[in-house]
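For reference, the structure is listed below as structure tokens.
The values are calculated or read from the model by the stated rules, or taken from the named source; none is laboratory data. Here the structure is a predicted model, which means the values were calculated and not measured. Cβ placement follows ideal geometry from the backbone for every residue including glycine, while neighbour counts extend to all protein chains displayed.
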Ligand SMILES: Nc1nc2c(c(=O)[nH]1)N[C@H]1C(S)=C(S)[C@@H](COP(=O)(O)OP(=O)(O)OC[C@H]3O[C@@H](n4cnc5c(=O)[nH]c(N)nc54)[C@H](O)[C@@H]3O)O[C@H]1N2
Ligand SMILES: Nc1nc2c(c(=O)[nH]1)N[C@H]1C(S)=C(S)[C@@H](COP(=O)(O)OP(=O)(O)OC[C@H]3O[C@@H](n4cnc5c(=O)[nH]c(N)nc54)[C@H](O)[C@@H]3O)O[C@H]1N2
Ligand code: SF4
Ligand code: SF4
Ligand code: SF4
Ligand code: SF4
Ligand code: SF4
Ligand SMILES: [Mo]
């Protein structure tokens, strides 16, 4: 497929936002369970949520560049029964709202317990909204990834791994950002985020590499024989019917060389996984934590852009079989 | 959006529907144009038109984009004084200025030496008027595209059987069981052929295509026989050999309807050698063949007048007449001729296995013999034999430029005519069928003028500029045997150049050989590009000056509708209308749309007003004719006789009762073919789908060469002068007469000495195979490949690059080569390569194809354009990636014993030998630009052309301009 | 229920592109238009077309087949392009199974095109909405047109009548019969889209020569005394065996 920058930015930016929120939320849970020190509502949760919403907004903004008729985007919520895209369109603002609300609650510190659960655990509004937002975030991950994973004939994408990767890569980058954030706001949870960022990055590495390996061994179900219904071992297209390209030659094929694609793959494998882990480890060890954590995030995010670029180019659309030659 | 199912297109705007005739190509389909608020909404095939029966083609359906093309010329233009020809610096002038420039110049030429005015027209459909104008002007220098198109096809078959493929006749696929197609890509009757081909295949007919390339029609052939380019003559002779050897010929047909059993004088020292023996020699007045030849009667064992009742003559054999003259039948000579032409011999030449050739021959012969059709149609032949039925041998052929565009094409095509006759398929069901006004006498009656005295100041030409020589005395040469025409047509170099030789005009005029001319007027032909050979140099000739600094071709007038490459070289540009803006006639005097079952002609009636100041060329000629006071254009008082072209069409009579249109003649419109002018004729055509079609009675529809009823009908209706049988010329006496002249055995005109052996060789009364002339004169070891072009179905010559839709289908062209060629020459699919002939070279991009014979490389014709032409951006793909093969094709043969400047043409007919060029192909080096070579200075837009163009266009009829 | 569709007969398609431009011509000024062109007269022209004709070569020289292959939206019975559309702009008509796009609803997200394995949807670069073959829905029901012309533009145009139009659910329709009798098939059956457009394969007519057909008593050469008779002294059964 053609890697469109709008979609690359959309999916990676909201991934970061979603991951960051999940980091905040899990921080809150941990601290409620007294596994982590409690954090300042305003400077940590409210600000963190703002940052998460910021990323989601940026993603949303990028997505508009993908639409031919952005002014009509509102229409796209109508087919949620059948369309993952429609679901995403509903769930993305929902998630944003919930996270924003979560931030607002923290900002105004509406944290008086509403009721007590299992005798000891006080449940407050932020926890309820946070849990809803957490569910919404996961739903968003699923919707976004299912947009791709539900397309049967894009065999490279048609796999649970696509969903898993979106979740893991999004959360990994979100936790990395959380680490940066906690360094900045001087919260004493840096180690926690670094640890989880590393765990998530390593897991993501495993699933992403598994995906690459899986995709290498895919035999395409469609070929020229099935595409035009002629049984012969030697079929070549001479003319695709037009000479200077069409939507079909622009949208579904990357027009990139194999070496370029390979290079991008190697780049993202290095940028997304080992380098950020190293940087985070060193940062966690106390050496220039701010700069190194920022560096870790920037490196990882750029790597993710490359990863997403690769993800799209990796998708081999069967329609390309019909567009092979100009004469 | 509105529900599409309860919406009618007609609600969107004011809708009008009008009929006319398409001219996106020369097929002449009936079209129905829907206008919305005055702009074209839709062009569809007219379902009531007999030619296309409602279908249309890619071009026809893109007419909108031609009408709104930015390349359209809208104003008369004059080359700015002080600028050089070819710099595209023009100024708009008024029509009055344009006419007075022309009037002044042409009056002077006409008064001094009319042949200094040359009028050449391309793929137009109004030769009836342009030819008439030239004749009236008094110049012999007139021709249309035929010479550079397919004159071999016309001459080869018309000199054999009085009719031909091309636009004159065709295969009867409705009844055929086997269809064999030679060298055809698209041809003129393209929609009808497609309609018929599909029906033919669906009913289980077997279709064999013989072509070095498999595209288009050939794609759906049941069998594709890839033949080496230029060698069909050998294949055809081998097929004839095999059919004779196996006795798979239609003996009865050959005896009755051809000259096969006629006796030929074999006395070697006689001036009558090779001529038919005649039992009496009356004065031959008419242009028909008197029935005065002999058969050899097997019962009496002596010569007897042909077609004598009850005689069954020998078809083969040699005999001696009473006076001792040795004679042979024509068929005997044919048999002897093909004795050596075995399938094994042909295999080496054609690349087709002997096995395949034999099978092909058997298949043809068996189909013809065992699948006979008998139609219950009674008819009477010219010898008053009544027949209860019409018989057909259901094998149909078709052939076009793959045979014609070679310098051995005349003989190849004659061989095809003979093959078809052997199989007994001429004007019979399931075989070849004539389209009236064919068949014609062999040769047709019109003759070119006979010498320089035919050209006189202020006088119409004595004769028609073009005609059909019957013997050497019909040549248009002076006492020294030198040509009178600028293109050297009807000279000893190309005696039967019946369509003229337009492809030599520019070179000859530039060289002043045989003389210099003053004004060259080109109508509807792109001679600075795709219809010239040796384009690079021809473009220089157009701008070349003599020692005095005057242009060697002093004045060039171009009438075109678009900014073609040719316009660039004009001194005066006359903007023509499009086919949707003018009246036109597809006249019986030119090439009508006749069907097998009877004559038909058609018209165009304007759908839209002319754009800007565009004026139909017909109006220009009538205006000029009136101003120059050419006799037919003025009345007794010397003033203008015809108001306009429609008026001319109605009232002009070429002969008593014969006009441009055949339908609804006579005062009340009740006559046809012949009758007084009818002032309501246009209306009647308009009411009848713009066409007239007369269906002959069934008994007149077949065997028309020998059908007494038909011939008398045709004579009565002015189609022919003599109702005499038209026997098929298996043996061509016309050719023999030229050969005798070359041998010094002819009383009349004789060739100059240096051409004697050329004429003697190529004027063989029986077909033979020889290598195309260019191969004989260039080194096949250095240039081992042959390069040819093909018509793309979705483009018409150079016309359609200006068409926003069609140009997306063919934006540029590749050189198609068999992968073997690439592998052995070290280049890959898609590489940029040099295509080099002994003459010139072009750089182009190659594409590997398994559908081309390895000795042949090919490309789509006329896709490549000169930068800036056709309203396209200077960097448009057409000029940067597209290429023109014509650069490597020479218009003259290398100097050799027959002359320094012999045209690269068939030695019999002067047919341009487009497909003879030998080439080699090699990889362009990596540091060369990925761009076509040669390149030319980009043309600039002309005054009157659309100035600003958008990066996009969204056509929506009715609101196109506003959007 | 009705399912209108096109049948493409590869046996007779000569690749003339009539269907391509007549489609453009009808639709650009119709319900589904305009169909814009970008760079119409400049380098690299490109534009919206609903129908394209491609060319394939099968096999190697000299046993090469050239196949012309027209392709437009196949109006799938289970069209994957429809459910994915977030706006409902893409829909399949209940009444006749035609798959359409409502431009007024389309946001140009292109997702439907991703969901179509056949590459037949085209995003209009100027109009910024998704377009595709409409089966000429604005022709086939237009009561103001003569009955015989209520057919898709491409079908009416096609000189070889390689394009047939009809209801593939009606077993008695011409198209259903053709599919049954001539081995009509669907493209990329592996995806379960169940395209309603079908293609008919090449069919060949062969000719077999029997030697009887070459050795015949009516051979005209005999008349010229050219077919050798068996030598007079050759023995026959008459000469050597006579005990019956
Ligand atoms: N769409 C479209 N239609 C046209 C035209 C057009 O430009 N576009 N032009 C019109 C005009 S002016 C003309 S003259 C006709 C021409 O109609 P065609 O004769 O059909 O035209 P060409 O494309 O020249 O076709 C030549 C064919 O002969 C084959 N060929 C070449 N050399 C040989 C050979 O030695 N032997 C054999 N057996 N085959 C050979 C080529 O591969 C090609 O298929 O078409 C007319 N119709
Ligand atoms: N290499 C190669 N060259 C070939 C051939 C080939 O097969 N191979 N084929 C040859 C053959 S068969 C032919 S017939 C020639 C054709 O060659 P041309 O006769 O030159 O044909 P076109 O390119 O159609 O150009 C005709 C001119 O007519 C103009 N024109 C179009 N419509 C109108 C109109 O309505 N009015 C006026 N006044 N002008 C109009 C166009 O703008 C164009 O400039 O090409 C020949 N050249
Ligand atoms: S074949 Fe020629 S005349 Fe007929 S529709 Fe096509 S372009 Fe027009
Ligand atoms: S119009 Fe008919 S023959 Fe021509 S390309 Fe289309 S389907 Fe094939
Ligand atoms: S062919 Fe493609 S666009 Fe058409 S219905 Fe099927 S999936 Fe949808
Ligand atoms: S591009 Fe339009 S039709 Fe396609 S999925 Fe998006 S909204 Fe639906
Ligand atoms: S049915 Fe109509 S819209 Fe579809 S390809 Fe044919 S002409 Fe185009
Ligand atoms: Mo031609």
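Across region C:66-91, the qualifying residues are those that are within 21 Å of the chain's Cα centre (by Cα) and within 16 Å of ligand 6 (Cβ to nearest atom), and the one among them that is farthest from the other protein chains (Cβ to nearest Cβ) is C:75.
Taken residue by residue, region B:917-927 has at least one member that is within 29 Å of the chain's Cα centre (by Cα) and outside any strand (DSSP E or B). Looking at region A:138-237, the helices (runs of 4 or more DSSP H) lying wholly inside it that each contain 1 or more residues that are in contact with a strand residue (DSSP E or B) (Cβ under 9 Å, 6 or more places away or on another chain) and within 14 Å of another protein chain (Cβ to nearest Cβ) sit at A:224-228. As a summary of the residue check, residue B:453 satisfies the conditions (1) part of a loop (DSSP other than H, G, I, E, B); (2) more than 23 Å from residue B:121 (Cα to Cα); (3) free of Cβ contacts under 8 Å to residues at least 24 places away in the same chain except for the one numbered (1).
Within region C:133-143, identify whether any single residue is within 11 Å of ligand 6 (Cβ to nearest atom) and assigned to a loop (DSSP other than H, G, I, E, B), and answer yes or no.
At the first step, the residues of region C:133-143 found to be within 11 Å of ligand 6 (Cβ to nearest atom) are none.
No: region C:133-143 contains no residue that is within 11 Å of ligand 6 (Cβ to nearest atom) and assigned to a loop (DSSP other than H, G, I, E, B).
Of the residues making up region C:104-134, those that are more than 7 Å from chain A (Cβ to nearest Cβ) and more than 23 Å from the chain's Cα centre (by Cα) number 7. Number of residues in region B:51-101 that are within 16 Å of ligand 2 (Cβ to nearest atom), within 14 Å of another protein chain (Cβ to nearest Cβ) and outside any loop (DSSP other than H, G, I, E, B): the value is 8. Among residues that are more than 16 Å from ligand 5 (Cβ to nearest atom), at pLDDT below 95 and within 14 Å of another protein chain (Cβ to nearest Cβ), residue A:113 is not included. Do we find a residue being in a loop (DSSP other than H, G, I, E, B) and under 29 Å from residue B:369 (Cα atoms) anywhere in region C:182-202? The answer is yes; a qualifying residue exists.
Does region B:870-893 contain any residue that is farther than 30 Å from residue B:87 by Cβ and either within 30 Å of the chain's Cα centre (by Cα) or modelled with pLDDT of 95 or more (or both)?
Taking region B:870-893 and keeping what is farther than 30 Å from residue B:87 by Cβ, we get B:893.
Imposing the further condition that a residue be either within 30 Å of the chain's Cα centre (by Cα) or modelled with pLDDT of 95 or more (or both) reduces the set to B:893.
Yes, that holds for at least one residue.
Just checking, does region B:882-897 include any residue being within 14 Å of another protein chain (Cβ to nearest Cβ) and crowded, with 20+ Cβ neighbours inside 10 Å? Checked against the condition, which is being within 14 Å of another protein chain (Cβ to nearest Cβ) and crowded, with 20+ Cβ neighbours inside 10 Å, region B:882-897 yields at least one hit. Of all residues in region A:28-43, those that are in a loop (DSSP other than H, G, I, E, B) have Cβ atoms under 6 Å from Cβ atoms of residues that are surrounded by 15 or more Cβ atoms within 10 Å (Cβ to Cβ), 6 or more apart or on another chain, in A:36/A:30; A:36/A:189; A:36/A:192; A:38/A:31; A:39/A:187.
When B:213, B:277 are checked against the criterion of being in contact (Cβ under 8 Å) with a residue 40 or more places away in the chain, surrounded by fewer than 21 Cβ atoms within 10 Å (Cβ to Cβ) and touching a strand residue (DSSP E or B) at 6+ places or on another chain (Cβ under 8 Å), a single residue qualifies: B:277.
If you go through region B:27-44 and keep only what is away from ligand 8 (no atom under 16 Å from the Cβ) and closer than 21 Å to residue B:599 by Cα, you end up with B:29, B:30, B:31. What are the pairs with Cβ atoms under 6 angstrom where one residue, in region B:33-60, is free of Cβ contacts under 8 Å to residues at least 40 places away in the same chain and the other, located anywhere, is within 14 Å of ligand 4 (Cβ to nearest atom) and not in a loop (DSSP other than H, G, I, E, B)? Sequence gap at least six, or different chains. Close Cβ pairs (under 6 Å, with a partner that is within 14 Å of ligand 4 (Cβ to nearest atom) and not in a loop (DSSP other than H, G, I, E, B)) amount to B:54/B:45.
Is one or more of the residues making up region B:824-846 within 14 Å of another protein chain (Cβ to nearest Cβ), at pLDDT 95 or above, in contact with a helix residue (DSSP H, G or I) (Cβ under 6 Å, 6 or more places away or on another chain) and farther than 17 Å from residue B:780 by Cα? Scanning region B:824-846, I find no residue that is within 14 Å of another protein chain (Cβ to nearest Cβ), at pLDDT 95 or above, in contact with a helix residue (DSSP H, G or I) (Cβ under 6 Å, 6 or more places away or on another chain) and farther than 17 Å from residue B:780 by Cα, so the answer is no. Number of residues in region B:102-141 that are within 16 Å of ligand 3 (Cβ to nearest atom) and assigned to a helix (DSSP H, G or I) equals 0. Is at least one residue of region A:77-90 more than 14 Å from every other protein chain (Cβ to nearest Cβ), free of Cβ contacts under 8 Å to residues at least 24 places away in the same chain and part of a loop (DSSP other than H, G, I, E, B)? Among the residues of region A:77-90, not one is more than 14 Å from every other protein chain (Cβ to nearest Cβ), free of Cβ contacts under 8 Å to residues at least 24 places away in the same chain and part of a loop (DSSP other than H, G, I, E, B), which makes the answer no.
Select, from C:148, C:161, the only residue that is more than 16 Å from ligand 6 (Cβ to nearest atom), within 12 Å of chain B (Cβ to nearest Cβ) and touching a residue at least 60 places away in the same chain (Cβ under 8 Å). Exactly one residue qualifies, and that residue is C:161. Among the residues of region C:48-85, those that are within 14 Å of ligand 7 (Cβ to nearest atom) and more than 28 Å from residue A:231 (Cβ to Cβ) comprise C:48, C:49, C:50.
Filtering region C:52-65 to residues that are facing chain A (nearest Cβ under 7 Å) and either over 24 Å from the mean Cα position of the chain (by Cα) or more than 30 Å from residue B:72 (Cβ to Cβ) (or both) leaves C:54, C:55, C:56, C:57, C:58, C:59, C:60. In summary, residue C:96 fulfils each of the numbered conditions (1) away from ligand 3 (no atom under 16 Å from the Cβ); (2) in contact with a helix residue (DSSP H, G or I) (Cβ under 7 Å, 6 or more places away or on another chain) with the single exception of condition (2). More than 13 Å from chain C (Cβ to nearest Cβ), over 30 Å from residue B:555 (Cα atoms) and at pLDDT 95 or above: does that describe residue B:20? The answer is yes for residue B:20.
Restricting the search to region B:17-42, which residues are under 29 Å from the mean Cα position of the chain (by Cα) and away from ligand 1 (no atom under 16 Å from the Cβ)?
To start, the set of residues in region B:17-42 that are under 29 Å from the mean Cα position of the chain (by Cα) comprises B:19-33.
Scanning region B:17-42 gives B:19, B:20, B:30, B:32, B:33.
If you go through region A:270-294 one residue at a time, how many are surrounded by fewer than 19 Cβ atoms within 10 Å (Cβ to Cβ) and part of a helix (DSSP H, G or I)? The qualifying residues number 8.
Results for (1) part of a loop (DSSP other than H, G, I, E, B); (2) more than 7 Å from chain B (Cβ to nearest Cβ); (3) away from ligand 8 (no atom under 16 Å from the Cβ); (4) out of contact with any strand residue (DSSP E or B) (no Cβ under 8 Å at 6 or more places or on another chain), shown as yes or no for each residue.
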{"site": "C:5", "(1), (2), (3), (4)": "no, yes, yes, no"}
{"site": "C:14", "(1), (2), (3), (4)": "yes, no, yes, no"}
{"site": "C:22", "(1), (2), (3), (4)": "no, no, yes, no"}
{"site": "C:40", "(1), (2), (3), (4)": "yes, no, yes, no"}
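Of everything listed in (1) facing chain A (nearest Cβ under 9 Å); (2) part of a strand (DSSP E or B); (3) within 16 Å of ligand 5 (Cβ to nearest atom), the single unmet condition for residue C:49 is (2).
Residues in region B:142-166 that are within 16 Å of ligand 3 (Cβ to nearest atom) and either more than 15 Å from residue B:466 (Cα to Cα) or not in a loop (DSSP other than H, G, I, E, B) (or both): B:149, B:166.
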